[in-house]
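For reference, the structure is listed below as structure tokens.
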């Protein structure tokens, strides 16, 4: 009897082992069903697979490269362009052949294999060093640009402002998606509410930037609660699709409520921010006049840059601080296990609503900044694609990682924006080649590729919010994503 | 009354199109539990392929309408199915079993990619196609001047949907493929242990969903006569709404939900305002998910503690 | 333990009366009544599917019972008249000098833990796997810390009041980690801990909510004999040193018979036996329910059961 007892417990794996085994089992992409391997040599297999790929590409692109429909007088005209189609098929054949022959080297080409390479995680000190370096660069960027690249400083500064706006939006959404695990596909709604609140307050009541900004943030937070309330019971994909619907509803209403929002024409003449009443313009009472500087349009850009940097840093500071507070810890606990939260006396309704509200508030701040920077807003700026971009930044960066958001913003927004400059490619593809046309095309492709390469995002480790003795980062495979159960 | 009848006919036609797209969503969600965000784009690609086939046939002189329609359906289904297969292979299969948000992001990425791919290769402007099938049956000719008419194209759309739905239901309930699919839906790992080729089954699900979406795309083209690279997004969200409304995972539910969304949208536009028709559809989505998360025909989910 | 020592009849901390829970046509719990004595370890046992976990879910508010009353006397002895008045009045709870009472069937799940003081663990462990052991115990002190942080505002500003409360919370967490022998794993993510450690951590986490009643759903499942013995020690410590009443579901008869002051036996949602360990062990109905035999064979079975319980069948862990 005693013997059988010990052997039974000996056969049972240790708890953690068993758990991780289960987890690995559940995550395994490759099912037990395996196709019989072929006896082909490497060359034959490479040729075969290249042939299949080329055939597939031929079918896929037949009606997009070979045929092209153009609008002509009296209807549509069909033009035929076999050259680009054949080139595409050729590239597919060659590419797949080389890939199979050299890279996969005889193994079955499953992209899943890449994940194992990606599993090695970043160490904490690297993150810290990188964070501080990025902060120092961000603080001095306008001066760096003005001295190092005087010809392009305005363009690059403008791009930096854009990137920082997305960093801020990403950090705001990171609270909702990364910390609380609530998948929100309609984050742009809060961005829009912030921008419109700001614009309406500023144009109708003649209030200054520094008064409108917090009010717009509060409005957005209020909307966060209002939209958050009905979706409290929803989880995962359903939550995503309802938040998407809310985002679209808000956009359609903005588009059609002419009297209030100006409809598709939007709102014009939104005042620019001032520095203690000093405007960034030419003439009396302006910033340059007051400080006795020579007027330059770049002064306004530098000012805007520091505003968004300050707002973004505020977002980061508050988020990092909240993570160590009970509310932030409850967000993360909610992401891990909602039922366990309830069993510990945590009011999950409040926890969810605070996450929605806090995230929405920062979205509202960013929206206000957007309105004042543009001086003009219309519903066109708040489409679903914006939500998708912000979510992509958060997920690609690594859920819950503040540094990841920065890296992803720089890569995705900055990298794509730089395509505009690649006019040199016209030499290769002909004068009609317009690289900006391919911006979103490449953006979409990059989203797919980065995700396949690193499904957990670029920075995927979690740092504990409280430490007893030793700070250990937590691997992404242990951290839940708020999928409920 | 006449107005009501006419709206009813229009609503059913629109609902048929939504229903066909919704089947793709519902099957994919049923089998791998993800929202295939790019499915709306598949529908859009189907309509573009159908248009190109039509123009190509016209260019080589084939104008006999039934033959043209048949060729359009067949070629559009095949080529769109190839797209469906490729998307699954490239963007979803590598992430199978990975963390849940990853395929959603690749799906959104794919959706963005496909929209812009079509925009770049086919141009951003809308493509008008003059109506090819004209006339219809006048059902009622009231003295008030309102004519209730069901056009031939509407008849074709509704008939085709009924035929495809019937065939599809048979496929799922009677064939070995359907059984494998249902098995994968229940328990993928177990199905695999029992010798079901799970990858192939999932691929086929995408292929079939894409085929139906291609038919929907072609009918959209013939019915409205205007397409552009952006039609997939709104149609996709509405079809997903339909799938959810009917109960995700249920084929009859998808059709029923499609009809419901089509009718709601048509009546809302007919009696209230055209501008807010999308708001109506999205509000329905939100209300259904919040109050009836398992939809009309879906199985209720019980929270396990 | 003799007949006079029926603490649960004299000073019950929890009284379940006429509890019925139906799921559609299925009656999971059928007109069940029992008491849990203050300061007792009470075991709820029964064959699989007897409705034990359903009772737990009703007590902790995760299910709303179809019928019945679940009264928790947090402190003091409240008269039955006061309880009846509270029931009629439609309130959820009453706090008074002579004791406070909570009607759990009317309260939301998180309120039951927060103000009534009932904590629980789960059959399939529900730790926050991606958070460290220490963080798990800090989450359990959420409500206290929330108030101390001035509902986040004070904490954001870094007020000293919150910093002191946070230190105290950490001290408490560390104390419990030491008690369950997990101090050296304090900074490891909960999902990385061995199975037995996860069970202990979950109990420690529940205790961090300062409960008066601790509900444990199969705490010994999957533990080896040494770990089971440690669990017994821990449960006795909780009862004796912290005055926490324990209600537990358990299949491991070794654990049940050794530590329980009171055992309630369920079968098909009904109570079939209720008493001390020795009473229940000798109850023919219990033996029949467990082994599914006719009354004639009971005597024979009784002998076997005595042998089995003496040897602690650990492999019976319900996994």
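The values are calculated or read from the model by the stated rules, or taken from the named source; none is laboratory data. None of these values were measured; they are calculated from a predicted model. Here the Cβ positions follow ideal geometry from the backbone for every residue, glycine too, while neighbour counts run over all protein chains shown.
Here is a yes/no grid of residues against (1) modelled with pLDDT under 90; (2) surrounded by 24 or more Cβ atoms within 10 Å (Cβ to Cβ); (3) out of contact with any strand residue (DSSP E or B) (no Cβ under 7 Å at 6 or more places or on another chain):
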| site | (1), (2), (3) |
| --- | --- |
| A:365 | no, yes, yes |
| A:369 | no, yes, yes |
| A:374 | yes, no, yes |
| A:385 | yes, no, yes |
| A:404 | yes, yes, yes |
| A:414 | yes, no, yes |
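Collect the residues in segment C:128-152 that are more than 7 Å from chain A (Cβ to nearest Cβ) and in a loop (DSSP other than H, G, I, E, B), keeping them in residue-number order.
C:141, C:150, C:151
In segment C:232-254, which residues are part of a helix (DSSP H, G or I) and either over 22 Å from residue C:53 (Cα atoms) or away from every other protein chain (no Cβ under 14 Å) (or both)? Before the answer, list the steps.
First, the residues of segment C:232-254 that are part of a helix (DSSP H, G or I): C:232-242, C:253-254.
C:232, C:233, C:234, C:235, C:236, C:237, C:238, C:239, C:240, C:241, C:242, listed by residue number.
For segment B:222-246, give me each residue that is within 11 Å of another protein chain (Cβ to nearest Cβ) and in a helix (DSSP H, G or I).
B:233, B:234, B:236, B:237, B:238, B:240, B:241, B:243, B:244
Filter segment A:433-455 down to residues that are touching a residue at least 60 places away in the same chain (Cβ under 8 Å) and crowded, with 17+ Cβ neighbours inside 10 Å, then give me how many there are. Give the derivation first.
Of segment A:433-455, the ones touching a residue at least 60 places away in the same chain (Cβ under 8 Å) are A:452-455.
Imposing the further condition that a residue be crowded, with 17+ Cβ neighbours inside 10 Å reduces the set to A:452, A:454-455.
Total satisfying the criteria: 3.
So residue C:173 ticks every box in (1) in contact with a helix residue (DSSP H, G or I) (Cβ under 7 Å, 6 or more places away or on another chain); (2) surrounded by fewer than 22 Cβ atoms within 10 Å (Cβ to Cβ) but one. Which box is left unticked?
(2)
Conditions (1) within 14 Å of chain B (Cβ to nearest Cβ); (2) modelled with pLDDT of 85 or more; (3) not in a helix (DSSP H, G or I), marked per residue:
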{"position": "A:399", "(1), (2), (3)": "yes, no, yes"}
{"position": "A:437", "(1), (2), (3)": "yes, no, no"}
{"position": "A:445", "(1), (2), (3)": "yes, yes, no"}
{"position": "A:460", "(1), (2), (3)": "yes, no, yes"}
{"position": "A:472", "(1), (2), (3)": "no, no, yes"}
{"position": "A:483", "(1), (2), (3)": "yes, no, yes"}
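Taking the options C:117, C:68, C:99, name whichever one is within 14 Å of another protein chain (Cβ to nearest Cβ), at positive phi and surrounded by fewer than 23 Cβ atoms within 10 Å (Cβ to Cβ).
Only one candidate qualifies: C:117.
Kindly evaluate residue A:308 against the criterion of being more than 10 Å from chain C (Cβ to nearest Cβ), under 21 Å from residue A:212 (Cβ atoms) and within 29 Å of the chain's Cα centre (by Cα).
Criteria met by residue A:308.
Here are A:264, A:326, A:271: which of them is within 14 Å of chain B (Cβ to nearest Cβ) and either more than 25 Å from the chain's Cα centre (by Cα) or on the phi > 0 side of the Ramachandran plot (or both)?
A:264
Determine if segment B:34-48 includes at least one residue that is within 13 Å of chain A (Cβ to nearest Cβ) and surrounded by fewer than 24 Cβ atoms within 10 Å (Cβ to Cβ).
Looking for residues that are within 13 Å of chain A (Cβ to nearest Cβ) and surrounded by fewer than 24 Cβ atoms within 10 Å (Cβ to Cβ), one finds at least one in segment B:34-48, hence yes.
Just checking, which of A:140, A:243 is part of a helix (DSSP H, G or I) and either within 14 Å of chain B (Cβ to nearest Cβ) or under 26 Å from residue A:400 (Cβ atoms) (or both)?
Among A:140, A:243, only A:243 is part of a helix (DSSP H, G or I) and either within 14 Å of chain B (Cβ to nearest Cβ) or under 26 Å from residue A:400 (Cβ atoms) (or both).
Conditions (1) surrounded by fewer than 21 Cβ atoms within 10 Å (Cβ to Cβ); (2) modelled with pLDDT of 90 or more; (3) more than 21 Å from residue A:391 (Cα to Cα); (4) more than 7 Å from every other protein chain (Cβ to nearest Cβ), marked per residue:
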site	(1), (2), (3), (4)
B:71	yes, yes, yes, yes
B:76	no, yes, yes, yes
B:84	no, yes, yes, yes
B:94	no, no, no, no
B:116	no, yes, no, no
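Going through A:345, A:328, A:269, A:247 one at a time, which residue ends up being surrounded by fewer than 21 Cβ atoms within 10 Å (Cβ to Cβ) and assigned by TED's automatic domain parsing to the domain that holds residue A:195? Steps first, answer last, please.
Working: A:345 fails: surrounded by fewer than 21 Cβ atoms within 10 Å (Cβ to Cβ); A:328 fails: surrounded by fewer than 21 Cβ atoms within 10 Å (Cβ to Cβ); A:247 fails: surrounded by fewer than 21 Cβ atoms within 10 Å (Cβ to Cβ).
One residue alone meets the criteria, A:269.
Quickly run through segment C:153-190 and pick out the residues that are more than 19 Å from residue A:328 (Cβ to Cβ), in contact (Cβ under 8 Å) with a residue 12 or more places away in the chain and facing chain A (nearest Cβ under 10 Å).
C:174, C:177, C:185, C:186, C:188
Tell me which residues, restricted to segment A:335-357, are facing chain C (nearest Cβ under 9 Å) and under 23 Å from the mean Cα position of the chain (by Cα).
Those that are facing chain C (nearest Cβ under 9 Å) and under 23 Å from the mean Cα position of the chain (by Cα): A:335, A:336, A:354.
Can you tell me which residue among C:91, C:123 is in a loop (DSSP other than H, G, I, E, B), more than 8 Å from chain A (Cβ to nearest Cβ), in contact with a strand residue (DSSP E or B) (Cβ under 8 Å, 6 or more places away or on another chain) and modelled with pLDDT of 85 or more?
Matching residue, one of C:91, C:123: C:123.
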